[in-house]
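The values are calculated or read from the model by the stated rules, or taken from the named source; none is laboratory data. This one's a predicted model, so the numbers in the text were calculated from it and none came from an experiment. Cβ sites come from the backbone with ideal geometry, for glycine too, and all protein chains shown count toward neighbours. Areas reflect the complete protein model, heavy atoms only, side chains present, ligands, DNA and RNA absent. Shrake-Rupley method; radii C 1.70, N 1.55, O 1.52, S 1.80 Å.
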Amino acid sequence: MTSKKIGANAVILLLFAVLAVLFTYPLIAHFGTDYPGLPTESQNNPWNMWHFRNNIAVLHENPLWSDYQFWPLGANLLLHHYTLFNDALAFYLLPLLGLAATHNLLFISFFALSGFFMYLFLRDWKLPGLAAFAGGFYFAFSPVAGWHLTC
């Protein structure tokens, strides 16, 4: 890949990042304190991040098991709505940023990255730049993606 292509792709990624911040607005105004969505499912992913890191770094236990659920028996989290990829990314960010900021950084980043990678996919299929960008935009910021802001 030439340096010209890398520079153009960096601009596209930056554009998707700006669009992701705008799409999730007003989350950026409450970046370190609030989670997007209603106070039901929106606490599930931050709890997963906290539990994953707490079980590994503090308790030195299996992160796919919880004594906090269904006490005194505990719960197997293998088939739980667990977000292992997010949790692994958040492992080192949590002590630096805190739980809300880490969650929100990953939340916004995944909107930007999904649009950018769809753009790259469509460019690989030889679509023109504007059409590929539009496809990435509609993929990342569709109503289905916006649903994650409400739950």
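Being open to solvent by 40 Å² or more (accessible area, probe 1.4 Å), under 14 Å from the mean Cα position of the chain (by Cα) and of a type outside the set (S, T, N, Q): is that true of residue 21 here?
Working: open to solvent by 40 Å² or more (accessible area, probe 1.4 Å): yes; under 14 Å from the mean Cα position of the chain (by Cα): yes; of a type outside the set (S, T, N, Q): yes.
Yes, satisfied.
For the range 46-59, does any single residue satisfy the condition of being of a type in the set (A, V, I, L, M), free of Cβ contacts under 8 Å to residues at least 12 places away in the same chain and under 21 Å from residue 87 (Cα atoms)?
yes
May I ask you to verify whether residue 120 is buried (at least 16 other Cβ atoms within 10 Å of the Cβ) and under 30 Å from residue 31 (Cβ atoms)? Spell out how you get there, then give the answer.
On the way: buried (at least 16 other Cβ atoms within 10 Å of the Cβ): no; under 30 Å from residue 31 (Cβ atoms): yes.
Criteria not met by residue 120.
Scan the range 78-93 residue by residue and report those that are assigned to a helix (DSSP H, G or I) and closer than 25 Å to residue 19 by Cα. Within the range 78-93, 85, 86, 87, 89, 90, 93 qualify. On inspection, residue 51 fails the criterion of being open to solvent by 60 Å² or more (accessible area, probe 1.4 Å), under 25 Å from residue 96 (Cα atoms) and either at pLDDT 85 or above or in contact with a helix residue (DSSP H, G or I) (Cβ under 7 Å, 6 or more places away or on another chain) (or both).
Scanning the range 62-99 for residues that are open to solvent by 50 Å² or more (accessible area, probe 1.4 Å) and in contact (Cβ under 8 Å) with a residue 40 or more places away in the chain yields 97, 99. Apart from one condition, residue 112 fits all of (1) at pLDDT below 95; (2) aliphatic (A, V, I, L, M); (3) open to solvent by less than 30 Å² (accessible area, probe 1.4 Å); the exception is (1). Please indicate, with yes or no, whether at least one residue in the range 8-17 is open to solvent by 100 Å² or more (accessible area, probe 1.4 Å), within 24 Å of residue 97 (Cβ to Cβ) and at pLDDT 90 or above. Yes: one or more hits. Is there a residue in the range 100-107 that is open to solvent by 20 Å² or more (accessible area, probe 1.4 Å) and not in a loop (DSSP other than H, G, I, E, B)? There is at least one residue in the range 100-107 that is open to solvent by 20 Å² or more (accessible area, probe 1.4 Å) and not in a loop (DSSP other than H, G, I, E, B). Sort out which residues of the range 1-25 are part of a loop (DSSP other than H, G, I, E, B) and closer than 16 Å to residue 112 by Cα, and write them in order of number. Selection gives 24, 25.
Restricting attention to the range 31-66, which residues are of a type in the set (A, V, I, L, M, F, W, C), more than 19 Å from residue 78 (Cβ to Cβ) and assigned to a loop (DSSP other than H, G, I, E, B)? Write out each step before concluding.
Step one: filter the range 31-66 for residues of a type in the set (A, V, I, L, M, F, W, C), giving 31, 38, 47, 49-50, 52, 56-59, 64-65.
Then keep just the ones that are more than 19 Å from residue 78 (Cβ to Cβ); that gives 31, 38, 57-58.
31, 38 - these are the residues of the range 31-66 that are of a type in the set (A, V, I, L, M, F, W, C), more than 19 Å from residue 78 (Cβ to Cβ) and assigned to a loop (DSSP other than H, G, I, E, B).
Counting the residues of the range 117-149 that are within 16 Å of the chain's Cα centre (by Cα) and outside any helix (DSSP H, G or I) gives 2.
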